[in-house]
Amino acid sequence: MICQNCNEDEASVVITKIVGEQHTISHLCKACAQTLGGASGVAISIQTLTSGSAGTEVCGTCGKSFADFRKSGLFGCSDCYTQFGEYLPKLFKRVQGVRQHVSEEPVVALRDGPGTLKSELTEAVSSEDFERAALLRDRLTALGLEGKGGA
Amino acid sequence: MTFDDLATRNAAWLDGSGLRASLVISSRVRLARNLSQKPFTNRATDQDKQAIVTSVVDAASASRFGDLAYFDTSALNGLQRQLLVERHLISPALAKESGPHGVLVEETEGASVMVNEEDHLRIQVIQSGLQPVEAYETAHALERDLAGELDFAVSQEWGFLTACATNTGTGLRASTLIHLPGLALTKEMDGVVRGVAQLGFAVRGIYGEGTESSGNLYQISNQLTLGRSEQTLLDGLNRVVGQVVECEMNARETLLREAKGQIEDKVWRAYGILERARLLTSHELMNFSSAIRLGIDMEMLPGLETGTINDIMVNTQPSHLQHRAGQPLDACERDVLRASVVRERLAA
């Protein structure tokens, strides 16, 4: 990851600052961490990270305004992720160092439960997507919901 | 399980049975999850929060973890809530929440689920010793069971959607509670904290975020939750903790080589005071019990076990003492009772 202060050198220092509900994580190179004088002077808040926006957007589902989000650092509901979506790649790049989720678990397995997994498996088999079918079958087996030969 | 049952028995993770348990007291994993179609706790009305409590409790009772007992923390008094904080079953933040909230607790206190903290669900598993992967597997099994009944907020792009961006993705925080007196005595702790931070892990006090270290006990946990798989995060924690353990063992070797007499004296003085004292503050107890943990580890105190010190550490905290007394106690009364409990446990 690149240093959030100079945007040049590799970040090797992580600083977390928690004040009330505000969580901030800064990734800095060694030189910037030293120059800026430790944790108290360098925390980059979510407010700063999203400072380019006008802050007038409001989530249509929960009514949280982007200004509120910037102030508290907390999303109001899952739809805020869509509503404020255009700012999130930049936000997550700064807060977490990456722009997307990685998991060994197929997201669908936890979102929709075994019923959907089974229908996905049937669909994968009928469309001859055997790689995906094998993955789904393993998942169902792991859940104890599918025999070895079942499809 | 009633509140009194919980308050008067010990959690399984305190028994000192896990891998390297004299040094790594516990491994804890927590998964932050929210229900889709419901506002997060910070935007939820009391009605929403009550519906969330009902859904989660119903889902848990339909799972393999059906014997989890639900404690309605919004109906508990301040002392009872604080006891759950001291037990690491709820966070200080949940103890201060308004509206319906609570915690589901397994009889052994290994698995628990906070409901309506910053996220709708905070699934937690604590185990004795260095076992973050095993703790994760249990947490994941509970999560999987709950997912059969509940619809978690998740997206392909961002993974599990949490209230705070610092938890988005896996929602996984894995930590170990580790005793590092050697590094403190050789004044190498600052260097270790810096090194661990450079690897993307945080070092915090005994109760997690925003708390100070006490008794040379530190929590080491992953900072980042997005863009890395659960396995990568757990492997990373195991590796980092392994390195810290190695540094601690080196520091202890140095101490034994260069100051064995002083260390033995420190351990036995601590034991002598705990065995005889009539007044003990929390701070004194944590410091002396750190010396005793070190003594047990270095085989200087035969017959004394890590489980006994863990038991003392938990059961002499302010709310535990007051629950035992059955009434509120001022600081001086607590110090008297604390000393008495310690004498009783050491004599057993």
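Before rounding to the nearest 500, sum -39500 (n - 2.57) across all DSSP H runs of length at least 4 in chain B and divide by the residue total; then give [θ] at 222 nm in deg cm²/dmol.
Result for chain B: -15000 deg cm²/dmol, rounded to the nearest 500.
Residue by residue, what Karplus-based ³J(HN,Hα) values in Hz, rounded to whole numbers, does the range B:269-275 have, using 6.51, -1.76 and 1.60 with θ = phi - 60° and x for Gly and Pro?
Values, residue by residue: 4, 4, 4, x, 5, 5, 6 Hz.
For the range B:79-161, what does the convex hull of the Cα positions come to per residue, in cubic angstrom?
Residue-normalised Cα hull volume stands at 125 Å³.
Can you run phi through the Karplus equation (6.51, -1.76, 1.60; θ = phi - 60°) for the range B:214-230 and list ³J(HN,Hα) in whole Hz, with x for Gly and Pro?
For the range B:214-230, the Karplus-derived couplings read 9, x, 6, 9, 10, 9, 10, 9, 6, 8, 9, 10, 10, x, 10, 6, 4 Hz, x marking Gly and Pro.
In whole angstrom, how far apart do the alpha carbon centroids of the range B:271-342 and the range B:143-206 sit?
If we compute the Cα centre of each part, the gap is 29 Å.
Under a no-solvent Debye model with one identical scatterer per Cα of chain B, what's log10 I(q)/I(0) at q = 0.10, 0.15, 0.16 Å⁻¹?
With one equal scatterer per Cα and no solvent, log10 I(q)/I(0) is -0.62, -1.30, -1.43.
Take every residue in peptide A:83-96, count the Cβ atoms of other chains within 10 Å of its Cβ, and give the average of those counts.
Shielding by partners across A:83-96 averages 3.
If amide hydrogens are placed 1.01 Å from N in the peptide plane, which non-local residues have theirs closer than 5 Å to the one on B:SER26?
Long-range HN contacts for B:SER26: B:GLY129, B:LEU177.
With a ≥ b ≥ c taken as the square roots of the eigenvalues of the C-alpha gyration tensor of the range B:28-88, please select rounded if a/c is under 1.5 and otherwise prolate if a/b is larger than b/c or oblate if it is not?
Note, shape of the range B:28-88 comes out oblate.
Set the bar at 31 Å for Cα to Cα. Now go through B:LYS96/B:LYS187; A:LYS71/B:LYS187; A:LYS64/A:LYS90; B:LYS38/B:LYS96; A:LYS64/B:LYS96 and name every pair that lies beyond it.
In this structure, B:LYS96/B:LYS187; A:LYS71/B:LYS187 lie more than 31 Å apart at Cα.
What's log10 of I(q)/I(0) for the range B:217-348 at q = 0.09, 0.18, 0.21 Å⁻¹, Debye sum over Cα points only, no solvent?
Once normalised to I(0) and log-transformed, intensities are -0.38, -0.99, -1.14.
How much FRET efficiency would the formula 1/(1 + (r/R0)^6) give for B:LEU199 and B:ASP265, where r is the Cβ-Cβ distance and R0 is 35 Å, rounded to 0.05?
For R0 = 35 Å, the calculated efficiency reads 0.45.
Can you list the residues, at least 5 places off or on another chain, whose amide H is less than 5 Å from the amide H of A:ALA11, using H built in the peptide plane?
Residues meeting the criterion, in which the H sits 1.01 Å from N, are A:ILE2, A:CYS3.
With chain B treated as a Gaussian network of Cα nodes joined by springs under 10 Å, which of B:GLY102, B:GLY16, B:GLY242 yields the largest mean-square fluctuation?
Its mean-square fluctuation being the largest, the pick is B:GLY242.
Averaged over its residues, how many other protein chain Cβ atoms are within 10 Å of peptide B:226-232's Cβ atoms?
6
Using per-residue counts of other Cβ atoms within 10 Å, averaged over each peptide, order B:324-337, B:217-230 from highest down.
The densest-packed peptide leads the list: B:217-230, B:324-337.
Evaluate E = 1/(1 + (r/R0)^6) for A:LEU135 and A:GLU10, where r is the Cβ-Cβ distance and R0 equals 41 Å; express this FRET efficiency to the nearest 0.05.
Given R0 = 41 Å and the Cβ-Cβ separation, E is 0.70.
So what's the convex hull volume per residue for the Cα atoms of the range B:86-214, in Å³? List each step's numbers first, then the result.
Values: hull volume 18.1 nm³, N = 129.
Per residue, the Cα convex hull of the range B:86-214 comes to 141 Å³.
Grab the beta carbon distance between B:ARG324 and B:ASP235, set R0 = 35 Å, and tell me the FRET efficiency rounded to 0.05. It would help to have the intermediate numbers written out before the result.
Working: r = 41 Å, r/R0 = 1.18.
That gives a FRET efficiency of 0.25.
Could you work out which residue, out of B:GLY295, B:GLY171, B:GLY148, moves most in a Gaussian network model of chain B, that is, has the largest mean-square fluctuation with Cα springs under 10 Å?
B:GLY148
Provide Rg over Rh for the range B:135-202; use the alpha carbon set for both Rg and the Kirkwood Rh (inverse mean inverse pair distance).
Taking Rg over the Kirkwood Rh, I get 1.15.
Which length gain, in nm to one decimal place, applies between B:SER17 and B:LYS187 when the Cα-Cα distance is subtracted from 0.36 nm times their residue separation?
58.3 nm
Between B:SER98 and A:LYS90, how many nm apart are label points set 7 Å from Cα along the C-beta direction?
Once both label points are built, they end up 3.5 nm from each other.
Calculate one ³J(HN,Hα) per residue across the range B:76-88 by plugging θ = phi - 60° into the Karplus curve 6.51 cos²θ - 1.76 cosθ + 1.60, and present them in order as whole Hz with x for glycine and proline.
Per-residue couplings from phi come out as 8, 7, x, 5, 5, 4, 5, 4, 5, 5, 4, 7, 6 Hz.
What does the average come to when, for each residue of peptide B:147-157, you count the partner chain Cβ atoms lying within 10 Å of its Cβ?
The per-residue average across the peptide is 6.
Using a Gaussian network model on chain B with a 10 Å cutoff between Cα atoms, which of B:GLU284, B:GLU275, B:GLU157 fluctuates the most?
Comparing B:GLU284, B:GLU275, B:GLU157 in the GNM, the peak value goes to B:GLU157.
No lab work stands behind these numbers, since they all come straight from the coordinates. Everything numeric here is computed off the predicted structure, so don't read it as measured data. Ideal geometry is used to build each Cβ from the backbone, glycine not excepted, and the neighbour counts take in all protein chains shown.
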